[in-house]
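Novice: Okay, handing you the structure first.
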Amino acid sequence: VNPRVYAKKTQSKIELAVFKELSAVLPGISQSIRLYNPYYGPYDFGSLERKKLIEFYGSYWHADPLMYGPKHFFKQKNMTASLIWSRDSAKRTYAEVRGFSVYVIWESRWRKEKAQIIAELRAWWS
């Protein structure tokens, strides 16, 4: 596996704001980390040197289970919530079997518990 950082990736306003906050407290964090696999897009943030990746799961695009049931159909993605969860799980597993640790931030939790998440990430990152 020859991972690379990709600068081009469409990111939401909240994802960009999260990165700005995390970059102030997590040394060496980068955006858009791609592990070579044509099936999965880049991971949102991380560090190749530390072998740590952070995924920011937006409530709609990742079908927050606190908001959507498994059979909910997302027209823009043309798939059900359960399929979205399955794909997200496979993407995390792909990184983990290659020795990366993956931390997931749900948008709904970020909005309510930002300070707690930042504290958890600081401990995890070191």
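We did not get these values from a lab; they are worked out from the coordinates using the rules stated. Bear in mind that the values here come from a model prediction, so they are computed numbers and not experimental data. A quick note on method: Cβ atoms are made from the backbone with ideal geometry, for glycine too, and the neighbour counts reach across all protein chains shown.
Novice: Within segment 91-109, count every residue that is assigned to a helix (DSSP H, G or I), free of Cβ contacts under 8 Å to residues at least 40 places away in the same chain and not hydroxyl-bearing (S, T, Y).
Specialist: Final tally of qualifying residues: 3.
Novice: Sticking with this one: So how many residues does segment 30-73 have that are of a type in the set (D, E, K, R) and more than 18 Å from I14 (Cβ to Cβ)?
Specialist: The total comes to 6.
Novice: A follow-up question, please. Does segment 45-60 contain at least one residue that is in contact with a strand residue (DSSP E or B) (Cβ under 6 Å, 6 or more places away or on another chain) and free of Cβ contacts under 8 Å to residues at least 24 places away in the same chain?
Specialist: No, because not a single residue in segment 45-60 is in contact with a strand residue (DSSP E or B) (Cβ under 6 Å, 6 or more places away or on another chain) and free of Cβ contacts under 8 Å to residues at least 24 places away in the same chain.
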